[in-house]
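Below is one structure, written out as structure tokens, with a few remarks after it.
What follows draws every value from the coordinates through simple rules; no lab data is involved. On a predicted model such as this, the values are computed, not experimentally measured, just so you know. Every residue, glycine among them, receives a Cβ derived from its backbone with ideal geometry; neighbour counts consider all protein chains shown.
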Amino acid sequence: MANVSAPAPTLLADLGGTNVRFGIAHPDEDPPLIQESIRRYHVKDYASLGEAAQQYFKETGHQAQRAIIAAAGRIDNGETVKVTNNPWAISAKNLTKELGLEWVHLVNDFAAQSMAVMLMTDKPDAKGHADLVQVGNPPIPKIGSKEEQTFVVVGPGTGLGVGGLLIRGDKVSVLQTEGGHAGFAAHSAEDIEILKVLNLHYGRVSNERLISGAGLVNLYNAICEISGQKPDEAITPEDITRRATDASCPMCSRAVETFAGIFGSVAGDLVLTLGAWDGVYLTGGMTPILLPWIQKGHFRERFEAKGRFRDTMESVPTQAIMNPEPGLIGGTALAIVEAGGTPLRR
């Protein structure tokens with residue numbers, strides 16, 4: 001990030017494999033994210049991020065002096081990103097010139113989502129909606145309540161994103177990772193059978209091959225094959241969750257239940273890997289949809305099933321991010337930092 005600069009209207013973009021969401025942040029206002037500025041566009045409808053941003057400015061009439069782009073991909077030297085599952089290649093320098101801005105900063109989407117939790121609350125709003133919902137028994141931790149805290153942020157959508165949030169006194173830093181592409185570790189007899197099926201299809205099997213939109217379809221197909229059932233070859237993730245919800249397809253119900261369990265295993269492994277004893281935030285487009293299975297299913301059971309660390313894992317909180325715009329909220333938190341403020345709530 002650049003040196004601290006005076007607050008100014010900032011274009012925010014949350015760029016995934018399927019959609020890009022735009023919004024405007026005013027870092028010195030309360031609330032800093034302008035809710036009515038938020039718009040969503042389909043990636044496939046535009047040749048580039050710059051073209052989509054220009055359309056956004058044209059349609060909304062909003063203006064900005066700088067931009068923070070949260071992108072689902074690895075940021076190279078802070079200057080370029082090739083977005084995973086997305087045809088756009090983005091250059092901060094070129095985008096700055098194209099949009100006539102002071103600067104453009106690129107950050108990993110899960111780095112932004114890691115920052116977002118500092119601006120979220122478990123308190124319901126006027127409509128009864130809360131940003132955060134508790135999963136399991138351990139209480140939701142207060143961000144900044146201790147001098148040192150480490151959190152995992154993980155979530156399935158088009159892919160599987162993994163980030164970390166480290167709080168050390170008044171300093172906040174994020175870990176930008178590609179942990180979703182780490183290898184899948186089978187923990188049960190069913191996991192092993194699923195791994196065998198997917199290994200034949202893909203060779204190496206990453207966590208993202210199971211815990212993502214496409215991963216849910218992979219799980220459904222593998223479970224059908226293991227059970228000797230003929231799969232619906234045209235099925236989509238939305239079909240699977242809908243049929244599981246109305247109990248019209250036993251294979252779909254089993255797929256979402258298995259998804260929730262494996263998601264718990266993956267999240268628990270990340271706690272061990274990062275030493276994130278302060279908690280896990282579950283995010284991504286699929287988490288709100290699958291929350292009923294995450295809450296009632298095998299998520300916490302498998303999250304805690306870590307052998308000699310079971311007692312420790314039982315005390316690690318997990319919570320679901322229900323706010324639909326965590327990427328933009330994270331961009332807002334970064335804009336506040338850029339303007340010399342802090343999103344930490346003491």
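In whole Hz, what ³J(HN,Hα) sequence does region 91-107 give by Karplus (6.51, -1.76, 1.60; θ = phi - 60°), x for Gly and Pro?
10, 4, 4, 5, 5, 4, 5, 4, 9, x, 9, 5, 7, 10, 10, 9, 9
Which residue, chosen from Leu328, Gly157, Asn218, occupies the Cα position most advanced towards the positive end of the dipole of the chain, where the dipole is computed from +1 (Lys, Arg) and -1 (Asp, Glu) charges on Cβ about the Cα centre?
So the residue furthest toward the plus end is Asn218.
Quick one: work out Rg over Rh on the C-alpha atoms of the chain, Rh as Kirkwood radius. Let's see the in-between values first.
On the way: Rg = 20.1 Å, Rh = 20.7 Å.
Rg/Rh: 0.97.
Enumerate the calculated ³J(HN,Hα) couplings along region 280-294 in order (Karplus 6.51 cos²θ - 1.76 cosθ + 1.60, θ = phi - 60°), each rounded to whole Hz, writing x wherever the residue is Gly or Pro.
10, 9, 9, 9, x, x, 8, 4, x, 5, 8, 3, x, 6, 5
Between Ile336, Ile211, Ile235, find the one with the highest GNM mean-square fluctuation for the chain; connect C-alpha pairs within less than 10 Å.
Answer for the Gaussian network model of the chain: Ile235.
To check my understanding: the extent here is largest minus smallest coordinate of the Cα atoms along each principal axis. What are those three numbers for region 160-228, in Å, largest first?
56, 21, 18
In terms of the ratio Rg/(2.2 N^0.38 Å) built on C-alpha atoms, what value belongs to region 121-322?
Values: Rg = 17.0 Å, N = 202, 2.2 N^0.38 = 16.5 Å.
Rg over 2.2 N^0.38 Å, computed on Cα atoms: 1.03.
Under the rule of at least 5 residues apart or a separate chain, name every residue whose amide H is placed under 5 Å from the amide H of Thr318.
The answer is Val135, Val280.
Can you run phi through the Karplus equation (6.51, -1.76, 1.60; θ = phi - 60°) for region 142-147 and list ³J(HN,Hα) in whole Hz, with x for Gly and Pro?
So the J values, rounded to whole Hz, are 8, 4, x, 6, 10, 5.
Per DSSP H run of at least 4 residues, take -39500 (n - 2.57); add these up for the chain, divide by its residues and hand me the 222 nm value, nearest 500 deg cm²/dmol. Intermediate values should be presented prior to the final figure.
Numbers: 11 runs with 124 residues, N = 346.
Taken over the chain, the calculation gives -11000 deg cm²/dmol.
Taking Cα atoms, how many degrees apart are the long axis of helix 49-60 and the longest axis of the chain, rounded to 10 and kept between 0 and 90?
The answer is roughly 70 degrees.
Of all DSSP beta bridges in the chain, what percent run antiparallel (nearest 5)? Don't jump to the answer; show the numbers that get you there.
Numbers: 36 of 54 bridges.
Just about 65 percent of them are antiparallel.
So what's the angle, to the nearest 10 degrees on a 0 to 90 scale, between helix 250-274 and the longest Cα principal axis of the chain?
With rounding to tens, the tilt is 60 degrees.
So, counting K/R as plus one and D/E as minus one, what does the shell of residues with Cβ under 13 Å around Glu325 add up to?
Numbers: positive: Arg21, Arg39, Arg40; negative: Asp14, Glu36, Asp109, Asp131.
That sum, taken over residues with Cβ under 13 Å, equals -1.
What is the angle, in °, between the Cα long axis of helix 189-202 and the longest principal axis of the Cα atoms in the chain? Nearest 10 is fine, range 0 to 90.
60
Could you state the per residue volume, in Å³, of the convex hull enclosing the Cα atoms of region 40-124?
Taking only Cα atoms, region 40-124 has a hull volume of 133 Å³ per residue.
Give me, ordered by chain and number, the residues 5 or more places off Ala8 or on other chains with an amide H under 5 Å from its own placed amide H.
The answer is none.
Given +1 on the Cβ of Lys and Arg, -1 on the Cβ of Asp and Glu, and no further charges, what dipole in debye does region 121-322 carry about its Cα centre, rounded to the nearest 20? Before the final figure, lay out each step's value.
Numbers: 19 positive and 24 negative charges, 35 e Å.
With Lys and Arg at +1 and Asp and Glu at -1, about 160 debye.
If you place +1 on the Cβ of every Lys and Arg, -1 on the Cβ of every Asp and Glu, and leave all else neutral, what size is the dipole of the chain about its Cα centre, to the nearest 20 Debye?
On the way: 31 positive and 39 negative charges, 54 e Å.
Approximately 260 debye in magnitude.
Which peptide among 296-307, 8-19 comes first, and what is the full order, when sorted by highest mean count of other Cβ atoms within 10 Å? Please report the intermediate quantities before stating the final value.
Numbers: 296-307: 18.7, 8-19: 22.3.
Packing proxy ranking, top to bottom: 8-19, 296-307.
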